[in-house]
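Just below is one structure, and these are the notes that go with it.
The values are calculated or read from the model by the stated rules, or taken from the named source; none is laboratory data. As the structure is a computational prediction, the values presented were derived from the model and not from experiment. Cβ: placed from backbone, ideal geometry, glycine included. Neighbour counts: every protein chain shown. Just the protein is used for accessible areas: all its heavy atoms, side chains included, with ligands, DNA and RNA removed. Shrake-Rupley method; radii C 1.70, N 1.55, O 1.52, S 1.80 Å.
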Amino acid sequence: MRKARSDGLRTALATRVVVADGAMGTMLQAQDPTQEDFQGFEGCNEILNVTRPDVVRSVHEAYFAVGVDCVETNTFGANLAALGEYGIAERIFELSEAGAEVAREVADEFAARDGRPRWVLGSMGPGTKLPSLGHITFPAIRDAYQRNAEGLLAGGADALLVETAQDLLQAKAAVVAGRRAMEATGFEVPLIVSVTVEATGTMLLGSEIGAALTALEPLGIDVIGLNCATGPAEMTEHLRHLARHSRIRLSCMPNAGLPELTKDGARYPLSPVELADAQENFVRDYGLSLVGGCCGTTPEHLRQVVERVRGVVPAVREPRPEPGAASLYQTVPFRQDTSYLAIGERTNANGSRKFR
């Protein structure tokens, strides 16, 4: 049954538009969980998978009720950095498994009602420590992500979603961990990576979208895309690049516009109709396979997205891959028209005591 579900998801991504859910954290907080619900770890939403599964269930139910095909698990922070800040890093597997189990139960209930498959995407968030900046070592973050992924697969996730990736080395650690978890558990599922490009036009550490594609596509992932940070308008050029050059399928889960600061906190201005307009255009223009929402998006946003893209055939892409190498910041094509390509690192004895 598990293999049939994951195979069904692969087929759906290859033949139509799959719609995922929207924001999770704001909907959980709107139900005013207590300090007791958080077991004293205020703000650690993953704890609710154990203490208040009914609250987490209600969020999944709200999205499935408006017609989405899949929901993300409440495990965005079930990683070494985030749980480590609360001193409970040893609970990564437990909270990941519990989050997947809650989502699996709801997905199965909705699928049983009408026979239409519903899927669970295992959310693997970025955490707060970036290996490229030396905040954490690659082996440490990789091994912790493996526990995260193993918990998600044990709980019934149909795919692994590495989302809001801010550092290409962090994303690679999560992908490697996901593969190791699949080997350890025997469950082979689609692997999706969604990077976050800031309003500046690059990822947090300065990586352009071309560098992300060059670095991540060869790792054997099934889908690459964008989520968080901005609204759909700011994602257009990056999606255009992916549509032109990516050999794998594409996804997009934008915020409900760029946040506006108000006296009551952040406000996301994009209306449900505007999000639906954007996602329909992206599907028609760039051939997206997976769409959804991120911060500020609600069940109403996703209801309108579902209605708008239902029956829309994604544009047929004819990608032109551009073989090249990527640094942390940019990709450089191997084909050079005017000179040879030199790959190396600039060294300066005056600028580096260690090198001198």
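Brief remarks on what is shown
- Given (1) crowded, with 24+ Cβ neighbours inside 10 Å; (2) in a loop (DSSP other than H, G, I, E, B), index of the condition Gly151 fails: (2)
- So Leu161, is it aliphatic (A, V, I, L, M) and crowded, with 24+ Cβ neighbours inside 10 Å: yes
- Within segment 32-51, if we keep just the residues that are within 26 Å of Leu302 (Cβ to Cβ) and within 24 Å of the chain's Cα centre (by Cα), the residue that is surrounded by the most Cβ atoms within 10 Å (Cβ to Cβ) turns out to be Glu46.
- Top-ranked residue in segment 299-356 [being without any contact (Cβ under 8 Å) to a residue 60 or more places away in the chain and not in a loop (DSSP other than H, G, I, E, B); ranked as most open to solvent (accessible area, probe 1.4 Å)]: Arg308
- Considering Gly231, Gly201, the condition of being within 26 Å of Gly127 (Cβ to Cβ), of a type outside the set (Phe, Trp, Tyr) and touching a Pro at 6+ places or on another chain (Cβ under 7 Å) is satisfied by Gly231 alone.
- Residue within segment 51-62 that is touching a strand residue (DSSP E or B) at 6+ places or on another chain (Cβ under 7 Å) and at pLDDT 95 or above present: yes
- Within segment 25-46, residues that are under 21 Å from Glu101 (Cα atoms) reach partners that are among the aromatic types (Phe, Trp, Tyr) with beta carbons closer than 8 Å, at six or more positions or on different chains, in the pairs Gly25/Phe76; Cys44/Phe38; Cys44/Tyr86; Asn45/Phe76; Glu46/Phe76.
- Within segment 94-117, residues that are touching a residue at least 24 places away in the same chain (Cβ under 8 Å) and charged (D, E, K, R) sit with their Cβ atoms under 7 Å from residues that are buried (at least 24 other Cβ atoms within 10 Å of the Cβ) and not in a helix (DSSP H, G or I), at 6+ positions apart or across chains, in these pairs: Arg104/Val120.
- Checked against (1) among the charged types (D, E, K, R); (2) in a loop (DSSP other than H, G, I, E, B); (3) surrounded by fewer than 18 Cβ atoms within 10 Å (Cβ to Cβ); (4) touching a residue at least 40 places away in the same chain (Cβ under 8 Å), Lys129 meets all criteria but (3).
- Test: residue in segment 265-275 that is closer than 23 Å to Gly201 by Cα, among the hydroxyl-bearing types (Ser, Thr, Tyr) and modelled with pLDDT of 95 or more: no
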